[in-house]
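This report concerns only the one structure given below.
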Amino acid sequence: MGTMKVFLAHAKEDSDAVKRVGQFLVSKGVEVWLDDWCLTPGDSLTQKIFEEGIPTADRLVVFLSLFSVESNWVERELATGTIMELAEEKELGVKFVIPVLLVECKIPYMLRDKLYANFINKSFDSACEELYRGIMDQPSGPQEVKFKNRYIHYKEVAPQHGGRFTLLIEFGVEVSPVEGFNGWVQVSTPYKHAQFLYGQSNFGGFPIGGAYAGVIEVKEETKYTLVVSNQITPSTSLYFLIEADERFEIVASSFGDYYGNQEV
């Protein structure tokens, strides 16, 4: 197959949205038949559509909205034998017609068993990409998701050293152990007390203390920095306990291994 040709069927009230979609498809190398782009004064709309537009198309993209559905033209045109005959001639079967849902509306009977490109619950570009994959018959396949092994959790706990407000901050890993810890936490107000703890990954209470090695601890007015060689594993985490006289938030944080290597 050479250049993919598509016919964009829509209600005139949806022209602006459909033109944007058409421009996206053109940018992807698709040849688009759109009435506003392909007709000139004096043309017969019906003749051009049913003799030049739809018959030469590889895909018939039908835009569904309150305007198109309420006018009944979608159901009427799709119910004609012409569309089905064209699909059969092109050996495209059910793939010839691709519905696009522009807004929440009643799906015409002839299209209820079809998957549609959905412009309702995603960004315009994402929806256009979805439609393009449908036109090109390219399933998306598994999407690449970057796995985050390291995490930072925190919660308010009861004060331990006289401060009025206390945060317990956990630096942990999901699967892969991290050799040592090199990180810091910046808080929104000067703190009164800061210390670190090492032990069982358990946010239900304070961790069991363990031995520390290679400790470098730096306490600044609002920033607490620590370097230790203890390994962090899925069962053992490192914790910061920070207390202040005012309620505070974490402004920024860093979590690297002993040598400072970061992971997104």
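For a 27 Å ceiling on Cα separation, which of these pairs sit above it: Lys12/Lys114; Lys95/Lys122; Lys95/Lys148; Lys155/Lys223?
Values: Lys12/Lys114 24 Å; Lys95/Lys122 23 Å; Lys95/Lys148 38 Å; Lys155/Lys223 18 Å.
From the list (Lys12/Lys114; Lys95/Lys122; Lys95/Lys148; Lys155/Lys223), the Cα-Cα distance tops 27 Å for Lys95/Lys148.
Relative to its Kirkwood radius, the Cα radius of gyration of the range 150-256 gives an Rg/Rh of 0.94.
Here, each number is a calculation from the coordinates, and none is a lab measurement. Since this is a predicted model, take the numbers as computed values, not measurements.
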